[in-house]
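> I'd like to ask some things about the structure below.
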Amino acid sequence: MNTAVNVAVVHYSRTGHVAEIAREIAETAEKAGADVRLRPVEPAPDGGPAAAPDDLLWADAVIMGSPTRFGNIAGELKLFLDSLGDAWRKGLLADKVYSAFTSTSSAHGGQETTLHALMTSFHHFGGILVPPGYTHPDKFADGNPYGTAHCTAGATRPVDDTTRNAARVQAERVVRFARAVKAVRTDHRTGKEE
């Protein structure tokens with residue numbers, strides 16, 4: 001069975017590295033058969049729409065990305081997360097698949113803590129976390145089982161094949177699990193299958 005799934009790729013990017021990873025994730029999810037909304041949390045330079053709570057309500061899976069700021073997510077993405085209180089209170093963010101990605105300027109600049117910070121929000125939502133893990137040889141290359149993580153080496157190192165391959169593995173895994181979850185999901189408010 002090839003259940004149709006909706007994937008929202010929500011991100012904040014100051015230097016363009018996170019946006020580039022987000023595009024790779026979105027393109028891979030589309031190739032895997034998902035309908036995708038690629039949304040920055042601030043208005044896109046090309047005039048495209050910014051992320052809104054409705055994008056998460058529409059989604060079966062959400063893949064969220066942020067640069068690392070002092071071992072944590074960027075304030076711009078945190079403001080977006082803070083805007084989700086009403087949807088969270090109504091239980092509308094629960095039972096969706098969530099995953100995270102990041103970029104840092106130094107190799108040990110807080111990639112894992114940033115990914116874990118995003119996962120903390122996903123736990124509060126009642127989300128189903130789908131990290132890439134070490135499930136594919138390309139994930140051993142980037143070395144991060146929690147999510148795709150790129151090191152810019154002071155903003156000078158472009159997104160490379162190692163990062164792109166890791167992003168593809170993550171996107172394909174998220175789509176696969178979102179499809180499986182959607183196929184058997186039960187509305188937690190009513191106890192009935194959707």
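> Suppose only helical runs count, i.e. DSSP H with n ≥ 4. What mean residue ellipticity at 222 nm does that imply for the chain under -39500 (n - 2.57) per run, divided by all residues and rounded to the nearest 500 deg cm²/dmol?
On the way: 7 runs with 79 residues, N = 194.
Theoretical 222 nm ellipticity from helices: -12500 deg cm²/dmol.
> How much of the accessible area of the chain, probe 1.4 Å, is carbon plus sulfur, in whole percent? Write down the numbers at each step before the final one.
Numbers: 4760 of 9140 Å².
Heavy-atom surface of the chain belonging to carbon and sulfur, 1.4 Å probe: 52 percent.
> Using only Cα atoms, find the angle between the long axis of helix 161-184 and the longest principal axis of the chain, and express it within 0 to 90 degrees, rounded to the nearest 10.
Helix 161-184 sits roughly 10 degrees off the main axis of the chain.
> To continue, here is another question. If amide hydrogens are placed 1.01 Å from N in the peptide plane, which non-local residues have theirs closer than 5 Å to the one on G65?
The list, which skips near neighbours in sequence, is V10, H11, Y12, F101.
> Round to the nearest 0.05 the FRET efficiency obtained for T3 and D54 when R0 = 25 Å and r is the Cβ-Cβ distance. Can you show the working numbers first?
Details: r = 21 Å, r/R0 = 0.86.
Efficiency at R0 = 25 Å is approximately 0.70.
> Pick out which of A166, A59, A141 has the largest mean-square fluctuation in a Gaussian network model of the chain, springs linking Cα atoms closer than 10 Å.
A141
> With point charges of +1 on the Cβ of Lys and Arg and -1 on the Cβ of Asp and Glu, referenced to the Cα centre of the chain, which listed residue (V130, V159, A19) lies farthest in the positive direction of the dipole?
The listed residue farthest towards the positive side: V130.
> Using each residue's phi in segment 83-91, evaluate 6.51 cos²θ - 1.76 cosθ + 1.60 at θ = phi - 60° and report the 3J(HN,Hα) Karplus result to the nearest Hz, with x for Gly and Pro.
Once θ is set to phi - 60°, the couplings for segment 83-91 become 7, 8, x, 5, 4, 5, 4, 7, x Hz.
> Quick check: residue separation of T15 and A44 times 0.36 nm, minus the Cα distance between them. What number comes out in nm? Intermediate values should be presented prior to the final figure.
Working: separation 29, 0.36 × 29 = 10.44 nm, distance 1.31 nm.
The span from T15 to A44 would gain 9.1 nm if fully extended.
> While we're looking at this one, here's another question. Choose one answer from A149, A61, A50: the residue with the largest mean-square fluctuation in a GNM of the chain with alpha-carbon springs under 10 Å.
Ranking A149, A61, A50 by mean-square fluctuation puts A50 first.
> Follow-up. So if I take the centroid of the Cα atoms in segment 74-104 and the same for segment 5-31, what is the distance between those two points in Å?
Taking the Cα centre of segment 5-31 as reference, the centre of segment 74-104 is 15 Å away.
> Here's a follow-up. To check you understand DSSP bridge types, tell me what percent of the beta bridges within the chain (both residues inside) are antiparallel, rounded to 5.
10
> Could you check which residue among F70, F101, F122 shows the biggest mean-square fluctuation in a GNM of the chain with a 10 Å Cα cutoff?
F70
> Of the trypsin sites (Lys or Arg not before Pro) in segment 90-151, which ones lie in a loop per DSSP and count no more than 12 other C-beta atoms within 10 Å?
When the trypsin sites (Lys or Arg not before Pro) of segment 90-151 are filtered for loop state and at most 12 Cβ neighbours within 10 Å, K90 remain.
> I've got another one for you. Going by amide H atoms built from the backbone, whose H comes under 5 Å of the H on L129, apart from near neighbours?
Y98
> Let me ask you something else. Which whole-Hz couplings ³J(HN,Hα) result when phi for each residue of segment 133-144 is put into the Karplus expression 6.51 cos²θ - 1.76 cosθ + 1.60, θ = phi - 60°, listed in order with x for Gly and Pro?
So the Karplus estimates, Gly and Pro as x, are x, 9, 9, 7, x, 5, 6, 5, 5, 8, x, 10 Hz.
> Something else: Taking 0.36 nm per residue of separation and subtracting the Cα-Cα distance, what length does fully extending S83 through R176 add?
Numbers: separation 93, 0.36 × 93 = 33.48 nm, distance 2.83 nm.
Result: 30.6 nm gained on full extension.
> Next question, about the same structure. Hey, of (i) 107; (ii) 124; (iii) 155, which did the structure itself give for volume of the Cα convex hull per residue in Å³ when calculated?
(i)
> Which FRET efficiency value, to the nearest 0.05, do you get for A153 and A183 by plugging their Cβ-Cβ distance into 1/(1 + (r/R0)^6) with R0 = 41 Å?
0.45
> So what's the angle, to the nearest 10 degrees on a 0 to 90 scale, between helix 111-125 and the longest Cα principal axis of the chain?
Helix 111-125 sits roughly 10 degrees off the main axis of the chain.
> With every protein chain left in place, what is the accessible area per residue of segment 6-184 in square angstrom, probe 1.4 Å?
44
The values are calculated or read from the model by the stated rules, or taken from the named source; none is laboratory data. It should be emphasised that the depicted structure is a prediction, and the values quoted were computed from it without experimental measurement. Positions of Cβ are backbone-derived with ideal geometry, glycine not excepted, and every protein chain shown enters the neighbour counts. All accessible areas refer to the heavy atoms of the entire protein, side chains included, with ligands and DNA or RNA removed. Shrake-Rupley method; radii C 1.70, N 1.55, O 1.52, S 1.80 Å.
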